[in-house]
Amino acid sequence: MDTNELNNDLKIDLNALHTEWIKQPSLYMKYSSLAAKAQGERDRAKERIDVIRAECDNDIREHLVSYNCPEDKSGNYKPTEAWISSTIQRQEKFQKVNEEFHSANYVLNLLQGAVRAFDHRKKALEMEVQLWQGNYYSSPVDKSGQVVSVAAEKVADKQRDTLRRRSQGG
């Protein structure tokens with residue numbers, strides 16, 4: 001999974017909320033589909049582990065000598081379940097499919113996180129629209145309706161305060 005692409009897809013252009021809302025469903029579907037595919041791959045990897053485990057188990061039980069099976073005091077082979085399990089885990093083909101499973105699980109976890117992030121993105125879009133509707137991004141205007149900068153308004157307030165104090169004799 002390309003995390004740079006994901007980060008770009010998660011970004012919100014506050015100057016184009018209408019297009020961000022249009023993109024949201026398709027982006028959500030894109031990552032939901034990728035997560036579903038990743039879950040399928042992870043499940044197939046788990047099945048491969050089970051098959052390899054069974055094959056190794058059979059091979060070990062059939063060839064105890066080859067796997068250096070421990071013996072009891074009378075010289076008979078004594079394959080315990082714990083010994084068989086640990087012998088399976090040391091097999092290269094088992095380790096390979098186990099690593100494939102862990103890699104597939106990692107990708108699935110990332111993609112499930114991406115889907116949750118798009119839920120958060122949706123909520124962020126909703127909140128941005130509410131801010132916009134509440135004129136959060138508007139500019140201050142004076143009594144005549146002219147847009148003024150906040151800095152200019154502060155300067156004007158200071159000047160009015162100074163004039164008020166002077167006119168009151170202070």
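Some notes on this structure:
- Scan of the stretch 13-38 for residues that are touching a residue at least 40 places away in the same chain (Cβ under 8 Å) and either within 17 Å of the chain's Cα centre (by Cα) or at positive phi (or both), ordered by number: Gln24, Leu27, Tyr28, Tyr31, Ser32, Leu34, Ala35, Ala38
- Selection of the stretch 86-144 for residues being outside the structural domain of Ser26 (by TED's automatic domain parsing) and at pLDDT 95 or above yields an empty set.
- Output for the stretch 97-141, where each listed residue is in contact with a Leu (Cβ under 8 Å, 6 or more places away or on another chain) and of a type outside the set (Lys, Arg): Leu111, Ala114, Ala117, Phe118, Leu125, Glu128, Val129, Trp132, Tyr137
- Any hit, the stretch 85-105, residues being more than 30 Å from Val129 (Cα to Cα), part of a helix (DSSP H, G or I) and touching a Pro at 6+ places or on another chain (Cβ under 9 Å): yes
The values are calculated or read from the model by the stated rules, or taken from the named source; none is laboratory data. This is a predicted model, so every value here is computed, not measured. Ideal geometry is used to build each Cβ from the backbone, glycine not excepted, and the neighbour counts take in all protein chains shown.
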